[in-house]
Amino acid sequence: MRTDRSGSVEADHGRPSRDASLKDAVLAEIRKTKAVFYNTVVAQAQKIEVAGDRMTFTFSAMQRALRDQFEQNRGWLESVAQQASGRRIVVSSVQPESDSPGPQAAEGTSGAAADAARTKKSALREKALADAGVQALLEVFPAEIRDVEEM
């Protein structure tokens, strides 16, 4: 809200700053309360948007397991968002059907082979993120796992 020169109050159309502060407050509470979940799922989201009474987390097509973990915790996330905002916030996740072709497809690798390689890498990454030792390490050292190779 803001007042004009005549002293009348008019609605403040600065919603993006209010939405950004809600997003920051929710993310800080998640990080404080469930650091492993924050590092392994929330921080991996491609995009987090707040619009009005809705908070949407976008995961890539390769992050199906992360989205599943997110959905398992959605009720808790909505309670965190409600505490931070003082009103009911709907927390949801979206996942596009497929991502744009990666550099492997551009280099001439067949589409099926590139998909299989990405699927294998994704499965290895999810397996690593699910490992208790990796979770403990990420809790102590906030980091992002970008690449995983089978040894």
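Computed from the coordinates by the stated procedures, all read-outs in this text should not be read as laboratory data. All values derive from a computational prediction rather than experimental measurement. Cβ sites come from the backbone with ideal geometry, for glycine too, and all protein chains shown count toward neighbours.
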If the label point sits 7 Å along Cα→Cβ of Asp131, residues of segment 69-86 with amide N under 16 Å come out as none
Rounded FRET efficiency, nearest 0.05, which uses the C-beta distance separating Arg31 from Ser92 and R0 of 22 Å = 0.65
Provide the packing ranking of 85-93, 22-30, 129-137, i.e. peptides ordered by the mean count of other C-beta atoms within 10 Å per residue, highest first.
-> 22-30, 85-93, 129-137
Rank by packing, highest mean first: peptides 64-72, 48-56, with packing defined as the count of other Cβ atoms within 10 Å averaged across residues.
-> 64-72, 48-56
Here, Glu149 and Lys47, labelled 7 Å along Cα→Cβ, have an inter-label distance in nm of 3.3
Hey, which lysines would be in cross-link range of Lys121, C-alpha to C-alpha under 28 Å, not counting anything within fewer than 8 residues on its own chain?
-> Lys34, Lys47
